[in-house]
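> Pasting in a structure now, in structure tokens, and then I'll have a few things to ask.
The values are calculated or read from the model by the stated rules, or taken from the named source; none is laboratory data. Please read these numbers as outputs of a predicted model, since none were measured by experiment. Cβ atoms come from the backbone with ideal geometry, glycine included; neighbour counts cover every protein chain shown.
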Amino acid sequence: MSGPEILGLFSGLRERDYAARGLMVLEGRILLDKALDAGLSMEAALCVPADHAALEARAAGAFPVLTLPAPDLSELVGFGFHRGVLAVARRPEIPAPGADGAGIPDGHALVLWNVTDPENLGLLSRSAAALGAAAVALGPGCADPFSRKALRTSMGNLLARPLLRVDLAGLGAFRGPGRALVAAALGPRSRELRGFDPAGRAIALALGNEGYGLPDEVVGACDEALVVPMASGVDSLNVAAAGAIMMWELFGKDPA
């Protein structure tokens, strides 16, 4: 790829254009390193002069690296960019697990349903990585996990562990011997989080939309419905905060 072709690849970054071409944009060395560690195919990278030697060494000839002064880089992409490195990578496929659970890694999992805000999706993925989830599954209506905001707020963790696709029919793959599917939901059969005993099972925690939670049919497909107890007069937590609390409590109890 020539210099002008690389510049054209990065000119006036428009999220939907990259997605339509099967590409995604990585902002900063942390995301680039996570993508390379995950084995993603890179198209090209841009960097400021101070990062050139390190980035060339990391690329090891596998993709072209072009250097620009910081003001020129910001002008090219159309916004003030201060992370020193930009790269474009091919989007990986997101598989669906088999009906028998094939493709779901052993251990805990986070299942997200209609989490439309890319920042919440990224934050939940980051918490999932820190708190012991082996995989993140994305249901209908979720934000694009490979958008710039989702990747940035996840600190690259959306690239660092398995991502799966799931629909209502596929939720059963997260239930079975040694595994329970648990909904974060307020309803007539909900129990308090702190009173729940996972009994040595791996937990798949399902979280829904920030405004209206999980659909009834998803809650009905789960083994349990749990709530975080809160002070009186407070009706809800941000979904990323609630998810982190629940994962800390549920995933910290390792499956036997």
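> Here is a check on your reading of the model: is Val85 in contact with a Lys or Arg (Cβ under 7 Å, 6 or more places away or on another chain), modelled with pLDDT under 95 and farther than 24 Å from Ala169 by Cβ? Walk me through it before giving the result.
On the way: in contact with a Lys or Arg (Cβ under 7 Å, 6 or more places away or on another chain): yes; modelled with pLDDT under 95: yes; farther than 24 Å from Ala169 by Cβ: yes.
So Val85 fits the description; yes.
> Hey, another quick one. Taking the stretch 103-128 as the search range and keeping residues that are within 18 Å of Gly156 (Cβ to Cβ) and either over 12 Å from the mean Cα position of the chain (by Cα) or charged (D, E, K, R) (or both), which one is surrounded by the most Cβ atoms within 10 Å (Cβ to Cβ)?
Arg126
> Also: Considering each of Ala173, Ala134 in turn, give the residue that is crowded, with 22+ Cβ neighbours inside 10 Å and not aromatic (Phe, Trp, Tyr). Reasoning before the result, please.
On the way: Ala134 fails: crowded, with 22+ Cβ neighbours inside 10 Å.
Selected residue: Ala173, the only one of Ala173, Ala134 that is crowded, with 22+ Cβ neighbours inside 10 Å and not aromatic (Phe, Trp, Tyr).
> If you don't mind, there's one more thing I want to ask. Looking only at residues that are charged (D, E, K, R) and over 14 Å from the mean Cα position of the chain (by Cα) in the stretch 144-179, which one is farthest from Ala109 (Cα to Cα)?
Top of the filtered list is Asp167.
> Working carefully through the options Ala60, Ala70, Ala20, find the one that is surrounded by 15 or more Cβ atoms within 10 Å (Cβ to Cβ), out of contact with any Gly (no Cβ under 7 Å at 6 or more places or on another chain) and over 30 Å from Ile203 (Cα atoms).
Going through Ala60, Ala70, Ala20 in turn, just one is surrounded by 15 or more Cβ atoms within 10 Å (Cβ to Cβ), out of contact with any Gly (no Cβ under 7 Å at 6 or more places or on another chain) and over 30 Å from Ile203 (Cα atoms): Ala70.
> Looking at Gly101, Gly22, can you tell me which residue is at positive phi, of a type outside the set (Val, Ile, Thr) and in contact with a Phe, Trp or Tyr (Cβ under 8 Å, 6 or more places away or on another chain)? Steps first, please.
Details: Gly22 fails: in contact with a Phe, Trp or Tyr (Cβ under 8 Å, 6 or more places away or on another chain).
Within the list Gly101, Gly22, the selection yields Gly101.
> Under 7 Å between Cβ atoms, which residue pairs at least 6 apart in sequence (or on different chains) link something in the stretch 1-23 that is acidic (Asp, Glu) with a partner that is in a loop (DSSP other than H, G, I, E, B) and modelled with pLDDT of 85 or more?
Glu15/Ser147
> Sticking with this structure for a sec: Please verify whether the stretch 94-101 includes one or more residues that are surrounded by 15 or more Cβ atoms within 10 Å (Cβ to Cβ) and part of a strand (DSSP E or B).
no
> Does the stretch 81-92 contain any residue that is closer than 30 Å to Gly3 by Cβ, exposed (fewer than 15 other Cβ atoms within 10 Å of the Cβ) and over 19 Å from the mean Cα position of the chain (by Cα)?
yes
> For the stretch 26-34, indicate whether the set of residues that are over 18 Å from the mean Cα position of the chain (by Cα), outside the structural domain of Phe146 (by TED's automatic domain parsing), in a loop (DSSP other than H, G, I, E, B) and surrounded by 12 or more Cβ atoms within 10 Å (Cβ to Cβ) is non-empty. Lay out the reasoning, then the answer.
Of the stretch 26-34, the ones over 18 Å from the mean Cα position of the chain (by Cα) are none.
No, every residue in the stretch 26-34 fails to be over 18 Å from the mean Cα position of the chain (by Cα), outside the structural domain of Phe146 (by TED's automatic domain parsing), in a loop (DSSP other than H, G, I, E, B) and surrounded by 12 or more Cβ atoms within 10 Å (Cβ to Cβ).
> Say whether the condition of being surrounded by fewer than 17 Cβ atoms within 10 Å (Cβ to Cβ) and closer than 30 Å to Ala241 by Cα is met by at least one residue in the stretch 37-55.
yes
> Taking the condition surrounded by 19 or more Cβ atoms within 10 Å (Cβ to Cβ) and either of a type in the set (D, E, K, R) or without any contact (Cβ under 8 Å) to a residue 12 or more places away in the chain (or both), does Arg179 pass?
Values: surrounded by 19 or more Cβ atoms within 10 Å (Cβ to Cβ): yes; either of a type in the set (D, E, K, R) or without any contact (Cβ under 8 Å) to a residue 12 or more places away in the chain (or both): yes.
Criteria met by Arg179.
> Please state which one of Arg21, Arg16 is basic (Lys, Arg), out of contact with any strand residue (DSSP E or B) (no Cβ under 7 Å at 6 or more places or on another chain) and closer than 17 Å to Pro92 by Cβ. Steps first, answer last, please.
Working: Arg16 fails: closer than 17 Å to Pro92 by Cβ.
Sole residue among the options that is basic (Lys, Arg), out of contact with any strand residue (DSSP E or B) (no Cβ under 7 Å at 6 or more places or on another chain) and closer than 17 Å to Pro92 by Cβ: Arg21.
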